[in-house]
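The values are calculated or read from the model by the stated rules, or taken from the named source; none is laboratory data. Everything numeric here is computed off the predicted structure, so don't read it as measured data. Accessible surface is based on the protein model in full, side chains and every heavy atom, while ligands, DNA and RNA are left aside. Shrake-Rupley method; radii C 1.70, N 1.55, O 1.52, S 1.80 Å.
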Amino acid sequence: MIKDTDVYKIGRLGKPHGVKGEICFLFDDDVFDRTDCDYLVLCLDGIFVPFFIEEYRFKSDETALMKFCDIDTQQRAAELTGTEVFFPRHLADEDHDHVSWAEIVGYAIRHDGKTVGRVAAVDDTTVNTLFELEDGTLIPASDDLITAVDKQKKEITMELPDGLLD
């Protein structure tokens, strides 16, 4: 059984495209293209279910047309519209050169040797990207402040300015 700690959200499915089961995939992270993965995980009625990828093609930098195995009609694809799409963390861990914003949700933020909180969300809707911690605290996600990222421990070490956490 796939648990929510085993995956992280990378996007959601949009409307069907055509009549042969292709569906629009709106993604925040293109990890599925950077790593060798045969499947994506969809959340159906609160249960994480793997769906094997037959093929996909990019429509834009944030959209792909996805064809899953055994989804071969427009009606079957339409049943998946609005479904959240997740990626297995263990496969993302193999990509040591890249950590996406979506992947770090759940990572601990460390400062001065102490954990100050866990990342609940990443707000990248403005010029200054922010980590939103579980307690609501906002921390700038600046490369200048991040000193280390440990994918195995799921930790981000930061050098934060005095008073930021007060």
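Here are the numbers:
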quantity	calculated
Carbon and sulfur %, accessible surface of the stretch 36-166 computed with the full protein complex present, 1.4 Å	46 percent
Heavy atoms of H90: accessible area, 1.4 Å probe, square angstrom to 10	110 Å²
Where Y56, Y39 fall by accessible area, highest first, once all protein chains stay in place (1.4 Å)	Y56, Y39
Cα-based Lys pair tally, the stretch 16-166, threshold under 27 Å, eight or more apart or on separate chains	6
Centroid-to-centroid separation of the stretch 37-112 and the stretch 117-148 [C-alpha atoms, Å]	22 Å
Ranking by accessible area, most exposed first, for F48, F32 with a 1.4 Å probe	F48, F32
Average accessible surface area per residue within the chain, 1.4 Å rolling probe, Å²	59 Å²
